[in-house]
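FYI, it's all coordinate maths here, none of it is from the lab. Everything numeric in this text was worked out from a predicted model, so none of it was measured. Positions of Cβ are backbone-derived with ideal geometry, glycine not excepted, and every protein chain shown enters the neighbour counts.
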Amino acid sequence: MLVDSHCHLNYKGLAEQQDAVLARARARGVTAMLNIATRESEWDDVLAAAEANPDVWASVGIHPHDADQHSDIDTAKLVERAAHPRVIGIGETGLDYYYDKSDRVRQQDSFRRHLHASQATGLPVIVHTRDAEADTLALLGEEMGRATFSGVIHCFTASDDFAKAALDLGLFISISGIVTFKNAAELQATAKWLPQDRLLIETDSPFLAPVPHRGKTGEPAFVADTLAFLADLRGDDPEALAAATSANFYALFNKATP
């Protein structure tokens with residue numbers, strides 16, 4: 001029993017062969033996938049994939065890269081679309097100061113709108129952060145003080161201190177195929193101590209294919225490879241870790257049903 005807590009089934013590389021991609025995932029024991037939206041133009045397609053497949057769920061949100069082009073996406077619009085029965089999360093959203101594809105103030109404003117939507121709906125927020133630890137934590141902490149919400153730091157690559165702060169806020173942390181990379185020693189060190197009951201696993205496919213698939217288009221089936229590596233790294237039984245991360249997914253994304 002495996003769950004891919006973050007994938008992009010409608011992105012180029014997967015969309016053209018979506019049925020085959022889903023079949024390969026199921027063949028490797030993947031029982032649920034969360035199909036993530038990053039811009040408004042994707043929302044209908046992301047929802048359509050979830051409507052057509054009982055093991056696929058959807059999110060609605062705007063990636064920080066696209067904040068400049070989505071100033072009209074307010075909390076009310078996110079809340080409205082999140083009412084769909086297959087939508088189980090808000091995002092992905094957050095801050096990305098590495099690429100700076102959108103103005104930082106606009107990224108922060110968009111992030112805050114998503115956090116407000118999470119508070120209004122009770123759905124967890126899916127957080128992207130890169131080179132923006134301080135501002136990400138400041139916004140999360142400020143909004144948590146205003147009204148509680150749940151969420152996950154997806155594709156975690158940040159510092160130990162950030163991980164501890166995120167856990168203190170009650171958030172989950174999701175590990176991607178990056179953990180299998182040879183140059184990921186710091187992430188591997190963090191992944192060893194993360195509490196099992198706050199841990200998720202994802203592919204972020206079609207990106208970040210794990211070893212032994214480096215250089216290929218990532219897909220949800222590869223979550224099995226990341227799980228195997230992570231279990232070995234942590235000294236966990238693979239089946240127990242798979243069961244725990246799957247249970248964590250349904251505990252966090254509690255609108256979803258196994």
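Couple of notes before you dig in:
- Evaluated over the Cα positions of region 22-79, the convex hull gives a direction-averaged projected area, one quarter of its surface, of 4.6 nm².
- Against the empirical 2.2 N^0.38 Å (N residues), region 1-126 has a Cα radius of gyration ratio of 1.06.
- Mean Cβ neighbour count within 10 Å, used as a protection proxy, ranking 176-183, 200-207, 28-35 highest first: 200-207, 28-35, 176-183
- Normalised Debye scattering of region 61-102 at q = 0.14, 0.15, 0.20, 0.21 Å⁻¹ gives log10 I(q)/I(0) of -0.35, -0.40, -0.64, -0.69, counting only Cα atoms as equal scatterers and leaving out solvent.
- In units of the rule-of-thumb radius 2.2 N^0.38 Å, the chain shows an alpha carbon radius of gyration of 0.92.
- Counted as membrane-span-like here are DSSP H helices of the chain whose alpha-carbon atoms extend 18 Å or more along the helix's own axis and whose Kyte-Doolittle mean is 0.5 or above; these are 238-252.
- In plain terms, the residue of Lys216, Lys12, Lys77 with the fewest other Cβ atoms within 10 Å comes first and the most crowded comes last, giving Lys12, Lys216, Lys77.
- FRET efficiency, Asp44 to Lys164 (Cβ-Cβ, R0 51 Å, nearest 0.05): 0.85
- For region 69-145, fraction of C-alpha pairs farther apart than 15 Å, in %: 52 percent
- Across region 167-258, Cα-Cα pairs more than 18 Å apart make up 43 percent of the total.
- Residues His84, His154, His116, ranked from the fewest to the most other C-beta atoms within 10 Å, line up as His84, His116, His154.
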